[in-house]
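Structure first, commentary second.
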Amino acid sequence: MIDWQPSAPLANLRRRAQIIAGIRRFFAERDVLEVDTPTLSAAAVSDPHLFPFAAEYVPEGGGQAQTLYLHTSPEYPMKRLLAAGSGCIWQLCRVYRNGESGSRHNPEFSMLEWYRLGFDHHQLMDEVDELVDSVLGCGRSRRVTYAALFAEHLGVDIHGCEDAELARLGREHCDFRGELDRDGWLNLLFSHCIEPRLLQPTMVFAFPASQAALARVVEGDDRVPSAARFELFIQGMELANGYFELTDAAEQLRRFESDQQSREVFGRAALPIDRRLVSALQQGLPECAGVALGVDRLVMLALNASHIDEVIAFPLQRA
């Protein structure tokens, strides 16, 4: 039995440590505060497509057990810090997503997340480019709208086509026979037909407003109002996901509740809404942009690794 040994070569782990040290220098030079927030939370992520791990907290000596959730992202508590007056902040932490395993996924992985006051999503795209270039030496990414990629790779105008046209393309290109809503078809086509072709650094922005998640909806990025968010792809792999952050507490609560309804439609259990985040937004979240970046994937790109096991010491199979 050799499964006690790390899956990653020690040389790769040393390079990983160098990259993390460089990330720390990057933010120190910009006077961005490093923070540390809990990995366990009484609330859970709202995204109906993510599955958090649940754990039971039992008070010593007895008492009522409480269900807690391992975070899928440090976003919610970091926004509470922003509302409390922290200023610009960053964090590198372990996050947990149930069911995610494969060449680019491990259920426990490392996420870098940061928030910049006074930035919009375009300014944050610039800073993401600076950070990634400092590690990979890849230069500035291509900037392209979500709709332009559909026109380029699938020849379809997503602003003018009917749902039936997207369904036809999905069945033709992805061999999918089920039924999906409009965003479902868009997500399927993007992941199967567009994402694998984004080999050179590509920053995709102006997502459909229906996919805003925790971002605000703006005019000017495309010919219709769109979500002020972006994703960075390199070698056909998503590396970062950023938002010009929503600050409207009422709208955020409405989206949380809509996510819960989506969970019901998908046959998934409802999860507790983070009311503390809603209260923080009511207090006032400063104008800011934030982004999450997969550190393991960044190291994979730096080392030209084909599997995440090559850049982490002990993946699930050796945990």
Please list, in order, the residues from region 1-35 whose amide nitrogen is less than 12 Å from a point placed 7 Å along the Cα→Cβ vector of PHE314.
3-7
Place the peptides 7-17, 242-252 in order of packing, highest mean first, counting for every residue the other Cβ atoms within 10 Å and averaging per peptide.
242-252, 7-17
Using only the Cα atoms of region 192-256, build the gyration tensor, take square roots of its eigenvalues as a ≥ b ≥ c, and label the shape rounded, prolate or oblate: rounded if a/c is under 1.5, else prolate if a/b is larger than b/c, else oblate.
prolate
If contacts are Cα pairs under 8 angstrom and at least 6 residues apart, what is the relative contact order of the chain in percent?
25 percent
Report the residues of region 127-168 in range of a label on GLU100: point 7 Å along Cα→C-beta, backbone N strictly under 20 Å from it.
128, 132
Per DSSP helix of 4 or more residues, -39500 (n - 2.57); summed, then divided by the residues of the chain. What does that give at 222 nm, rounded to the nearest 500?
-11000 deg cm²/dmol
Roughly what % of Cα-Cα distances in the chain sit above 37 Å, to the whole percent?
16 percent
Give the percent of DSSP beta bridges with both residues in region 1-91 that are antiparallel, rounded to the nearest 5.
75 percent
Cα gyration tensor of region 187-227 diagonalised, 5x eigenvalues square-rooted, in angstrom largest first, produces semi-axes 21, 12, 9
Net length gained if the chain between GLU29 and CYS138 were fully extended (0.36 nm per residue, minus Cα distance)
37.2 nm
Cα principal axis extents for region 6-58, largest first, Å:
38, 35, 28
Expected unfolding gain across ARG254-LEU13 under the 0.36 nm per residue rule, minus the alpha-carbon gap, is 82.4 nm
For region 151-160, what does the Karplus curve 6.51 cos²θ - 1.76 cosθ + 1.60, with θ = phi - 60°, yield as ³J(HN,Hα) per residue in whole Hz, taken in order and with x for Gly and Pro?
5, 5, 9, 10, x, 10, 8, 5, 7, x
For the ranges 68-74, 36-42, what's the packing order if you count other beta-carbon atoms within 10 Å of each residue, average per peptide, and put the highest first?
68-74, 36-42
Selected from ALA213, ALA148, ALA65 as most flexible by GNM, with the chain as the system and alpha-carbon contacts under 10 Å:
ALA65
Just grab the label-to-label distance for TRP4 and HIS153, each label 7 Å out from Cα along the Cβ direction, in nm (one decimal).
4.6 nm
Take the alpha-carbon centre of region 68-93, take the same for region 195-266, and report the distance between them in whole Å.
19 Å
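Where a number appears in this text, it was derived from the coordinates with a stated rule and is not lab data. Note that the structure is predicted; figures quoted are calculated from it, not measured. Here the Cβ is made from the backbone with ideal geometry for all residues, glycine too, and neighbour counts use every protein chain on show.
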